[in-house]
Amino acid sequence: MNLSNLQTFLAIVETGSLIRASEQLNVTQSTVTARLKTLEDDLGQTLFVRQKTGATLTARGVKLRRYAEVMVELWHQARQETALPEGIEALVNIGCHSDLRKGLGQSLLNSIRGARPNLAASAWSGSNADLTQWLSSGLIDLAVTYHTATEDGFRLHGLTDEPLVLVSSDPNSPMRFDPNYVFVEGGEQFGRDHAAYYADADTARLSFGSPNWALEHLLEQGGSAYLPASIVKPYLAAGTLHPIAEAPKFNRKTYLIVNEKATATWDWLPNVIAALQA
């Protein structure tokens with residue numbers, strides 16, 4: 001399968017049009033059409049429904065998109081690794097859940113660079129589903145995540161628990177029955193503990209699946225929420241947000257998933273993991 005055909009396929013997906021894809025790739029529209037036809041012939045499937053308004057993925061095209069993205073990224077990664085400058089012995093590919101990027105993700109990156117200065121590093125941020133896909137495809141070697149599911153050939157290491165603390169834009173905000181309280185998804189255990197402690201509270205009028213988005217809301221619109229201590233620390237120090245006295249603290253478990261085959265020769269990795277667990 002020709003890589004340029006996959007890149008053209010992804011350009012059409014991104015732009016929604018064969019014409020705009022040709023402009024993005026700086027090739028003629030006939031070239032884009034020919035590449036798409038070759039790809040469809042190779043697969044024996046129609047990948048787009050073409051209309052005057054643009055091109056829409058078929059069900060088969062939707063399935064191909066995930067694999068095409070991985071294949072193109074793996075090619076970019078292979079080019080990067082084979083073109084490492086003199087003095088750099090290897091490339092470490094790190095994945096991190098978006099909500100852990102500023103805390104454990106950055107700590108992992110710093111620890112690796114400190115332990116092995118002659119390594120190059122590539123970091124990716126995404127959801128649990130993204131990380132699972134990237135690990136399975138070999139795009140990343142390590143993943144900092146909340147997720148515990150692993151496949152054969154991968155090892156799960158428990159890291160430090162992430163404290164979740166109740167903070168508010170108003171220092172006088174009540175611990176219970178705050179009309180501006182925002183519920184932030186914090187995993188199954190947090191959901192159970194939160195429901196048990198606040199069993200008499202009303203359902204929050206607003207909820208977020210991401211603590212970073214919830215933090216932005218509190219800073220712009222005000223309110224209170226349980227957020228990871230690592231991301232609210234600077235705002236508490238500056239007095240922008242305030243801890244709610246006597247509010248219970250909860251924890252969310254975090255993990256490092258390691259591709260054992262890819263990291264088999266990394267004698268420095270156990271020390272990095274131990275530092276993250278401290």
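The values are calculated or read from the model by the stated rules, or taken from the named source; none is laboratory data. Everything quoted here is computed from the prediction, not taken from an experiment. All Cβ positions, even for glycine, are placed from backbone atoms using ideal geometry, and neighbour counts span all protein chains on display.
Which residue out of V13, V27 is closer than 22 Å to W75 by Cα, modelled with pLDDT of 90 or more and of a type in the set (A, V, I, L, M, F, W, C)? Give the steps one after another, and end with the answer.
Working: V27 fails: modelled with pLDDT of 90 or more.
Going through V13, V27 in turn, just one is closer than 22 Å to W75 by Cα, modelled with pLDDT of 90 or more and of a type in the set (A, V, I, L, M, F, W, C): V13.
For a quick check of your reading of the model, give me the residue pairs whose first member lies in segment 255-275 and is surrounded by 15 or more Cβ atoms within 10 Å (Cβ to Cβ), whose second is in a loop (DSSP other than H, G, I, E, B) and polar (S, T, N, Q), with beta-carbon atoms closer than 7 Å and at least 6 apart or on different chains.
Y255/T148; I257/T150; L269/T263
Test of understanding: among L156, L142, which residue is out of contact with any Lys or Arg (no Cβ under 9 Å at 6 or more places or on another chain), surrounded by fewer than 16 Cβ atoms within 10 Å (Cβ to Cβ) and at pLDDT 90 or above?
Testing whether each residue is out of contact with any Lys or Arg (no Cβ under 9 Å at 6 or more places or on another chain), surrounded by fewer than 16 Cβ atoms within 10 Å (Cβ to Cβ) and at pLDDT 90 or above leaves just L156.
Cβ contacts < 7 Å: first residue in the same structural domain as S210 (by TED's automatic domain parsing) and in contact (Cβ under 8 Å) with a residue 24 or more places away in the chain, restricted to segment 167-185; second residue part of a loop (DSSP other than H, G, I, E, B) and of a type in the set (F, W, Y), any location; separation 6+ or different chain. Result?
Between residues of segment 167-185 that are in the same structural domain as S210 (by TED's automatic domain parsing) and in contact (Cβ under 8 Å) with a residue 24 or more places away in the chain and residues that are part of a loop (DSSP other than H, G, I, E, B) and of a type in the set (F, W, Y), the close pairs are R176/Y198.
Just checking, does segment 100-109 include any residue being in contact (Cβ under 8 Å) with a residue 60 or more places away in the chain and farther than 23 Å from G186 by Cβ?
Start the filter on segment 100-109 by keeping residues that are in contact (Cβ under 8 Å) with a residue 60 or more places away in the chain, which leaves 100, 102-104, 107-108.
Imposing the further condition that a residue be farther than 23 Å from G186 by Cβ reduces the set to none.
No: zero hits.
Every residue in segment 107-158 that is farther than 25 Å from N251 by Cα, β-branched (V, I, T) and out of contact with any Phe, Trp or Tyr (no Cβ under 7 Å at 6 or more places or on another chain), please.
I112
Count, please, the residues in segment 102-112 that happen to be modelled with pLDDT of 85 or more and either over 15 Å from I140 (Cα atoms) or touching an Asp or Glu at 6+ places or on another chain (Cβ under 8 Å) (or both). If you could, list the steps in order and put the result at the bottom.
Looking only at segment 102-112, we keep the residues that are modelled with pLDDT of 85 or more, and these are 104-112.
So of that shortlist, the ones also either over 15 Å from I140 (Cα atoms) or touching an Asp or Glu at 6+ places or on another chain (Cβ under 8 Å) (or both) come out as 104, 106-107, 110-111.
The number of residues fulfilling the criteria is 5.
Going through E216, E246 one at a time, which residue ends up being part of a helix (DSSP H, G or I) and farther than 17 Å from G105 by Cβ? Show your work before the answer.
On the way: E246 fails: part of a helix (DSSP H, G or I).
Result of the check over E216, E246: E216.
Do you know which of the residues in segment 157-213 that are outside any loop (DSSP other than H, G, I, E, B), touching a strand residue (DSSP E or B) at 6+ places or on another chain (Cβ under 8 Å) and among the small types (G, A, S) is nearest to A275 (Cα to Cα)?
First pass over segment 157-213, keeping only residues outside any loop (DSSP other than H, G, I, E, B): 157-158, 162-168, 181-184, 188-197, 206-208, 211-213.
Pick out the ones that are also touching a strand residue (DSSP E or B) at 6+ places or on another chain (Cβ under 8 Å) and you get 157-158, 162-168, 181-184, 189-190, 193-194, 206-208, 211.
Okay, now just the ones that are also among the small types (G, A, S), so 158, 168, 207.
Values: G158: 12, S168: 31, S207: 34 Å.
The extreme case among them is G158.
So, of the residues in segment 116-139 that are of a type in the set (S, T, N, Q) and not in a helix (DSSP H, G or I), which turns out to be surrounded by the fewest Cβ atoms within 10 Å (Cβ to Cβ)?
In the first step, residues of segment 116-139 are kept if they are of a type in the set (S, T, N, Q); the result is 118, 122, 125, 127-128, 132-133, 136-137.
From what is left, the residues that are not in a helix (DSSP H, G or I) are 118, 122, 125, 127.
Working: N118: 9, S122: 16, S125: 16, S127: 15.
Looking at residues that are of a type in the set (S, T, N, Q) and not in a helix (DSSP H, G or I), I get N118.
Take the residues in segment 91-115 that are crowded, with 18+ Cβ neighbours inside 10 Å and within 18 Å of E73 (Cα to Cα), then tell me which one is nearest to the chain's Cα centre (by Cα).
So the residue we want is C96.
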